[in-house]
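Participant: Quick one: this structure, given as structure tokens, is what I'll be asking you about.
The values are calculated or read from the model by the stated rules, or taken from the named source; none is laboratory data. Remember, predicted model here, so these are calculated numbers, not experimental data. Note that each Cβ is placed from the backbone with ideal geometry, even for glycine, and that neighbours are counted across all protein chains shown. Accessible surface areas use protein heavy atoms only, side chains included; no ligands, DNA or RNA. Shrake-Rupley method; radii C 1.70, N 1.55, O 1.52, S 1.80 Å.
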Amino acid sequence: MIFFALVVALLAGVPGLDEAADRITHASVPWTLVAIALEALSCLGYVVLFGLVFARLGRSLSSRLSLAELAVNSVVSVSGLAGIALGAWVLRSKGVSVERIAKRSVLIFVLTSAVNVAAVVVIGVPMWLGLVPGSRDGLLTLLPAAAALATIVATLALAAWARRTAAAQHLRDGRAAVVLTAISGGVFDALALIRAHDWRLLGAVGYWLFDNLVLYACLAASGHAPSFWVVAMAYLVGMLANSVPVPGGFLAVEGGLVGMLLLFGVRPASTVIAGVLVYRAISLWLPAMIGSLAFLSLRREIGKPVALSR
């Protein structure tokens, strides 16, 4: 309710946003229902990926824990790290080793981030070249793509350095050993999974893709949706605000998405604002409700040792 109260205050207090409020009121019901279904599929994608990374937990525990992580991520916006922290706490209470938790947590973070980073390159470069619809402004397309490539190279270099450092110093115990092993093991395990072509890796793609399509459907519900490529690129760059540690990323994420869509030429502004606000309501509340129910069923088992399957 706090989210909606703030949205109402925003719409009432900023000049020119009354049309956006009207578009929300008259949003297409079929498109809104499609958006809700797509958000559910995005959540399912994360459940599938989590089941791959934490396969030894068993399907029931991994499914509920992954949904609980999504609920936390919808409330505390720090690039998914809040959910990972919750998962680490639950698993530690159930007797899973710190080393395993750290390595698996890095692995799932790398896999989800890899899709976002790769998508910036896959979409940004063709858009700059004019091969897909959208802006040809290098600052909006080529620069993010170059930054994404640099991120990939830096991550691989960091993992290689962590592996060499751990081996050279013969670290076995202590926090430094855990951190270095988690970084190197998580990154290289991610590469091994990608090379293995496990179908459950599609969970990471679905987690990103369906959430993109939620934004597209919400824009369509509020008016005329732009090209999917424009929505996807604006989403990728605009969602960088998701790293801001504020409840639900409120205003930071909305502002980032609205700003990027406008920079990519999506008009009118009222449609953009309305679509983004509806998108955020769905992407916050649906995972929060589903994940809260999952956590309630999980809460009774916290502290009970878990038998890892083979």
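Participant: State, in angstrom, two size descriptors of region 13-125 derived from its alpha carbons: Rg to one decimal place and Dmax to the nearest whole number.
Facilitator: 18.1, 55
Participant: Another question about this same structure. What's the extension gain from residue 202 to residue 97 if we count 0.36 nm per residue and subtract their Cα-Cα distance?
Facilitator: Numbers: separation 105, 0.36 × 105 = 37.80 nm, distance 2.77 nm.
Answer, rounded to one decimal: 35.0 nm.
Participant: When the C-alpha atoms of region 91-223 are aligned to their principal axes, what extent does each axis show, in angstrom, from largest down?
Facilitator: Between the extreme Cα coordinates on each principal axis of region 91-223 lie 56, 32, 25 Å.
Participant: Rounded to the nearest 500, what is the chain's calculated 222 nm mean residue ellipticity when only DSSP H runs of at least 4 contribute -39500 (n - 2.57) each, over all residues? Write down the numbers at each step before the final one.
Facilitator: Values: 12 runs with 231 residues, N = 310.
Theoretical 222 nm ellipticity from helices: -25500 deg cm²/dmol.
Participant: Something else about it: Residues of the chain: accessible area per residue at 1.4 Å, in Å²? Don't jump to the answer; show the numbers that get you there.
Facilitator: On the way: 14940 Å² over 310 residues.
About 48 Å² of surface per residue is accessible.
Participant: Sort 91, 296, 193 by accessible area with a 1.4 Å probe, largest first. Let's see the in-between values first.
Facilitator: Numbers: 91 5, 296 95, 193 40 Å².
Of 91, 296, 193, the descending order of accessible area is 296, 193, 91.
Participant: Please pull out the direction-averaged projected area of the chain, using the convex hull of its alpha-carbon atoms, in nm² to one decimal place.
Facilitator: Values: hull surface 67.4 nm².
Averaged projected area of the chain's Cα convex hull equals 16.8 nm².
Participant: Using 7 Å Cα-to-Cβ label points, what is the residue 296/residue 33 separation (nm, one decimal)?
Facilitator: In this crude spin-label approximation the distance works out to 2.6 nm.
Participant: Which one of 53, 293, 130 has its Cα pushed farthest toward the positive end of the charge dipole of the chain, where Lys and Arg give +1 and Asp and Glu give -1 at the Cβ?
Facilitator: 53
Participant: Using a 1.4 angstrom probe on the protein heavy atoms only, line up 189, 211, 137 by accessible area, largest first. Don't jump to the answer; show the numbers that get you there.
Facilitator: Numbers: 189 40, 211 15, 137 70 Å².
Putting 189, 211, 137 in descending order of accessible area: 137, 189, 211.
Participant: In addition: Relative to the longest principal axis of the chain, what angle (0 to 90°, nearest 10) does the C-alpha long axis of helix 202-222 take?
Facilitator: In the chain, helix 202-222 runs at an angle near 20 degrees to the longest axis.
Participant: Top to bottom by accessible area (1.4 Å), largest first, where do 289, 233 land? Mind dumping the intermediate values first?
Facilitator: Working: 289 110, 233 0 Å².
Final ranking, largest accessible area leading: 289, 233.
Participant: Working from Cα positions, state the angle (0 to 90°, nearest 10) between the long axis of helix 29-53 and the longest principal axis of the chain.
Facilitator: Approximately 10 degrees, to the nearest ten.
Participant: Tell me the accessible surface of residue 164 in square angstrom (1.4 angstrom probe, heavy atoms of protein chains only), to the nearest ten.
Facilitator: 150
Participant: Over the chain, with every protein chain in place, what whole percent of the accessible area is carbon and sulfur at 1.4 Å, could you tell me?
Facilitator: Working: 10500 of 14940 Å².
Ligands and nucleic acids excluded, carbon and sulfur give 70 percent.
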